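Computed from the coordinates by the stated procedures, all read-outs in this text should not be read as laboratory data. Owing to the predicted nature of the structure, the values given are computational and were not obtained by experimental measurement. Every residue, glycine among them, receives a Cβ derived from its backbone with ideal geometry; neighbour counts consider all protein chains shown.
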Amino acid sequence: MNYISFYRKWRPQSFDEIVGQEYNIRTLKNSISNNRLSHSYIFCGPRGTGKTSTARILAKALNCAKGVTPEPCNKCDNCVSISNGTSVDVVEIDAASNRGINEIRELREKVKYLPSVLRKKVYIIDEVHMLTTEAFNALLKVLEEPPEHVVFIMATTEPNKVIPTILSRCQRFDFLPIRMDKIKERLKNIAGREKISISESALDLISKYADGSLRDADGILEQLASFGENKIEVKDVVSLLGITDLDLLFKFTNVLISKNVTEGLVLTRKIIENSHNLKVFVSEFLDYLYDLYVIKNYENPFELVNISEDYKEEYLSQSGKLDKKEIEFYMEIFTDLLKQIKWGENSRVFFKTAVIRAINFTALGREEIDKETIKMKAKIESLKTEIDKINLEKENIAGTREDNKEVKGNNYESEEDDFDIINTDEINKIVGEVEVNRKYKADTGKEVKQDKEVDAKDSTDVKKNNEKSDDFVLACSNLDEISRLLKKKKISVHAMFIESKPERLEGDVLYFRLEANKKWHKDHLNKRGNADLISGVIKEVTGRGYKVKFEIAEGEGKEGKDKPEDSTGAGTADKYTEAKKNGKSGEKFKDKVEPGNNEDENVYGQEDESKSKEDIISYFEKKFNIKE
């Protein structure tokens, strides 16, 4: 007898021998038992999963001599002829080589004739997706109105290429890739019958490499049997197929888990020196990492991954020792490595580098990574705080630079409370004088004379005068802020206003004194619009609503009378002079109003009250450094 290949010799001859398609087989057997047969079937699925074998078994089930049965005898002439492929009533057509409309027209003519021997004429059309559109349309007519004695069974690996009108007229069965453990069991059975000695590891490797195809697994086993003289080891499988031993993948992963650089370098050298195909190794290691990731993250992982029963415990153990992020990192590294090996040179250098990166990543440890993360977060928060401080300082500088002066500090701490902006030394000095006066009067019934004599009529007047004195000091202490805000609102008024200094507070009128040669300033500052503007600014700064009046220090009448004893009872003009010396506001204002420091005296040195227009222009040119 001539030699027969394994996949033909050991082709399934009954429904029970079909491997890994339990759902489809059960459905077909029940259909036959209940006489619910269709006139057309289409079997879809990858190569080597049993589509054509199932079609032949179905043909035998329909034509067995003992009747239509889900368990054909395989002994009668009908079953034997179908198994051998000699039956004239079971026609197998390869659509890849008979794909035209003429072949389908010929088929249409033949289906009219009754079967010669069998009950049913069965047409098995393999790779039906290869038919042309015209051929599909010609076949469609037959499927719409098939004769009673004809059954069509079509098989395809690409059902998406079959036109929908054909699919809608067939019962569809999807054949799934066969699991590794099923393939291994089948190979072990064949090896026992063929008297082939093969190790469990070799069977696992063949089952994995077959990738769900039992026919491919049969072919590999047959080839290895010839190579190893009926004795097959793992090294034979690796050598013949150029694939990676599963145990090597376990060892490689254990190196990453143990974070052992030395073992990693030794194993890397071993992989390279044994002439492993690095592209294949990396590709299979990525598949292995995927399986670990599924096991790590899916509740029922073995429904999704194709893993032999012998290795399930090892997979579970390793997935438990790896962190999810670690697996993702390894997948990223070796995916990039696969691209470099595929398209670039120096694959060994790339491989060594990737292994070192992978080991060093795990060498950090989870605790160290967490610590580093906490440190980095703290550093980021610290930098954010510093940035906020810098931005705040910029805002403060931008607000104070409008005077084109260096900011030396503020007399206040908060803008929310207007009364906090009074200089503490000034308050203590002035309030102390008032308290001395009050205490002295309580003991002696007489008033204390401060700076200049104060004649108070009674304690009620003293109390009122003290309040007025506080209000006056409030205005004096905030003169810089008043000046700054006034400059923003109207610079021309500000230029004249800074030539004055507070004189006294009478009722709700705040008097300011100008030098004798500033009559032009006085007239313009006392204009209603300018006076109202200054009054509004003072109220905005101090919260006190005062009217303002500007006077000349020397001359007739009220404007020229000698410096009065302040009606507030505290000699406020002198107090303001002293406040200038003690407080920050006074120091800043000193350059503007103190005699001898006024740079305008060179312009307005003469005593003549009537100044010409040229003098005024000269004044502003010098004051603001105006050049033509």
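Would the stretch 1-104 count as rounded, prolate or oblate if I go by the C-alpha gyration tensor, calling it rounded below 1.5 in a/c and otherwise prolate when a/b exceeds b/c, oblate otherwise? In terms of gyration-tensor shape, rounded. Counting other Cβ atoms within 10 Å as a rough exposure proxy, the listed residues SER33, SER477 run SER33, SER477 from fewest neighbours to most. For the stretch 182-193, backbone phi angles converted through the Karplus equation (6.51, -1.76, 1.60; θ = phi - 60°) give residue-by-residue couplings of 5, 5, 4, 4, 5, 5, 5, 5, 5, 4, x, 6 Hz, Gly and Pro being listed as x. Sorted ascending by nearby beta carbons within 10 Å, beginning with the fewest, MET331, MET496, MET180, MET376 become MET376, MET331, MET496, MET180.
For the listed residue pairs LYS389/LYS547; LYS161/LYS235; LYS325/LYS384, the alpha carbons are over 31 angstrom apart in LYS389/LYS547; LYS161/LYS235. The phi torsions of the stretch 137-147, fed into the Karplus equation with coefficients 6.51, -1.76 and 1.60 and a -60° offset, translate into couplings of 5, 5, 5, 4, 4, 5, 5, 5, 10, x, x Hz, rounded to whole numbers, with Gly and Pro shown as x.
Among the trypsin sites (Lys or Arg not before Pro) in the stretch 6-41, those located in a DSSP loop and surrounded by at most 11 other Cβ atoms within 10 Å of their own Cβ are ARG36.
May I ask you to work out the translational diffusion coefficient for the stretch 210-356 at 25 °C, viscosity 0.890 mPa s, via Stokes-Einstein with Rh from the Kirkwood sum over Cα pairs, reported in whole µm²/s? The diffusion coefficient I find is 148 µm²/s. Principal axis extents of the C-alpha atoms in the stretch 180-241 (largest first, rounded to whole Å): 25, 24, 18. How would you classify the stretch 6-174 from its alpha-carbon gyration tensor, with a ≥ b ≥ c the square roots of the eigenvalues: rounded for a/c under 1.5, else prolate if a/b is greater than b/c, otherwise oblate? Because a/c hits 1.5 or more and a/b exceeds b/c, the stretch 6-174 counts as prolate. This ranking places ILE4, ILE552 by how few other beta-carbon atoms lie within 10 Å of each, fewest first, which gives ILE4, ILE552.
Amide H to amide H distances under 5 Å link VAL90 with VAL122, where only residues 5 or more positions off or on other chains count and H is placed in the peptide plane. Beyond 28 Å in Cα-Cα separation lie the following of the pairs LYS182/LYS352; LYS339/LYS371; LYS184/LYS352; LYS270/LYS342: LYS182/LYS352; LYS339/LYS371; LYS184/LYS352. For chymotrypsin sites (Phe, Trp or Tyr not before Pro), the sites in the stretch 1-42 that DSSP calls loop and that have at most 14 other Cβ atoms within 10 Å are TYR3. Hey, what did the stretch 180-241 get for relative contact order, percent, Cα under 8 Å, at least 6 apart? Reported as a whole number, the value is 39 percent. Computed from point charges on the beta carbon alone (+1 for Lys and Arg, -1 for Asp and Glu), the dipole magnitude for the stretch 6-174 about its Cα centre is near 300 Debye.
Taking amide H positions as modeled 1.01 Å from N, with prolines and chain starts lacking one, the residues under 5 Å from MET154 and 5 or more places away or on another chain are TYR41, ILE42, PHE43, ILE125.
Each Cα pair under 8 Å and six or more residues apart adds its sequence gap; the mean of these over the residue count of the stretch 246-363 is a relative contact order of 40 percent.
In the stretch 49-200, a dipole from Cβ-located charges (positive for Lys and Arg, negative for Asp and Glu) runs towards its positive end, and of LEU176, ALA65, THR52 it is ALA65 whose Cα lies farthest in that direction. Once amide H atoms are placed 1.01 Å from N in the peptide plane, what residues at a sequence separation of 5 or more from ILE232, or on another chain, have their amide H within under 5 Å of its amide H? Result for ILE232 returns SER197, ILE198, SER199.
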